[in-house]
Amino acid sequence: MRCLKSFVVISILVSGCRVESGNSPSPDIVANSETIELIATSQILPPEKIVRASIAPKPGFMASLGHILLLSGTGTVYSSNTGFGTITKVAKGEFTDILGLNFGDGPSIFLTLDKSGLIKAFAENNEEGFDPINISAEDLNADAFCQSETTPENQLQLLSSGTLRKLNIDLKSKLLEFTTISETKVDEVIRCFENDKGHVFGSNNNGHFQPLGNEDQTFPGNITQISTIGEALNILQDVDGNLYAQTADRNAPIHIKAGFSIPGVDRADWTLSTNSPMGNTFMGGLTLIANSKDNRIAMISNDYIRKTIAGKDDVTRNDSPSD
């Protein structure tokens, strides 16, 4: 069965639509526009090196207290936010992946994954910490979570034994119930990512990203991470940690320069964007960029990114906060 086409990528809409890994080589990204300079809005200073991040947002006036969840190289989970910016250790273990969930006005919840594929859930308590909660599901294990730019309220996607699984989530008191909605076979995909339009990207053993479900759509061969900031704007990261703004047919290098009190970013270890409102200057979402030389993580307002790049490239886009 053929997958249905969309503007940038193919949405995984039908169970059983097979996805090829696309091992054929594609050209590396080539800069064809002048460098865009950005300044970090603020920064996070965790106590150790962070290898993964995820978001558990909060609605309305609580948006600035939405959790920025950070997973260290030792498997410990920390939490921060854009309101106070403090770092709190919230779960200790040998975790390999993390996923923040969204339950509106209720307590924030996140999932962890260990090397055996075991999923654990943690819910926010009244003491600025998190407690373990139970999970109900049949044969639920995972290789990796699909990070989501706008955290869905009742669904998630994950990779499990060569299958992309879409799950419904039902929160009952202190119990999470998972029900499989669809399963899609994928080849050689080890990590996945979902943008706010529901389109899914995957990366293979070489770390190269491409949309799942569209064999005709490819990304440059040296791209290892992608973040969508809007309808017509992607932030791409190459194998050397360089960043590019991709708008239509333009690839502009991005330089995160030093501001008055915040250092710049020389090379990125990883990037993560969310289009969920995160309060204050981050109501249009934020982008996290981990500096490769230290444990520092730059936080940049997505509205600022959109406006700066739109001014440079004369690209029109909607800068209003995401719903």
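Observations
- Solvent-accessible surface (1.4 angstrom probe) belonging to ASP266, in square angstrom, nearest 10: 90 Å²
- ALA248/ASP105 FRET efficiency (R0 35 Å; Cβ-Cβ; nearest 0.05): 0.35
- Exposure of THR179 as accessible area (Å², to 10), given a probe of 1.4 Å and all protein chains: 80 Å²
- Too-long pairs where the Cα-Cα distance tops 19 Å, listed order kept, from LYS58/LYS92; LYS58/LYS166; LYS92/LYS120: LYS58/LYS92; LYS58/LYS166
- Amide proton proximity set for GLY259, modelled H, under 5 Å, gap of 5+: ALA40, GLY264
- Cβ-Cβ FRET estimate between MET62 and THR180, R0 fixed at 30 Å, reported to 0.05: 0.45
- Highest to lowest packing among 76-84, 165-173, 95-103, 153-161, scored as the average C-beta count within 10 Å: 95-103, 76-84, 153-161, 165-173
- Every Cα-Cα pair of the stretch 171-313 was included, and the share exceeding 20 Å stands at 53 percent.
- Under the Debye formula (equal points on every Cα, no solvent term), log10 I(q)/I(0) of the stretch 30-146 at q = 0.13, 0.22 Å⁻¹: -0.55, -1.26
- Carbon + sulfur, % of accessible area of the chain - ligands and nucleic acids excluded, 1.4 Å: 47 percent
- Computed from the Cβ-Cβ distance with R0 of 25 Å, the FRET efficiency linking LYS89 to LYS120 stands at 0.95.
The values are calculated or read from the model by the stated rules, or taken from the named source; none is laboratory data. Keep in mind that this is a model prediction, so the values were computed, not measured. Glycine gets a Cβ as well: all are built from the backbone with ideal geometry, and neighbour counts include every protein chain shown. Protein only, heavy atoms only, side chains kept; ligands, DNA and RNA dropped before computing areas. Shrake-Rupley method; radii C 1.70, N 1.55, O 1.52, S 1.80 Å.
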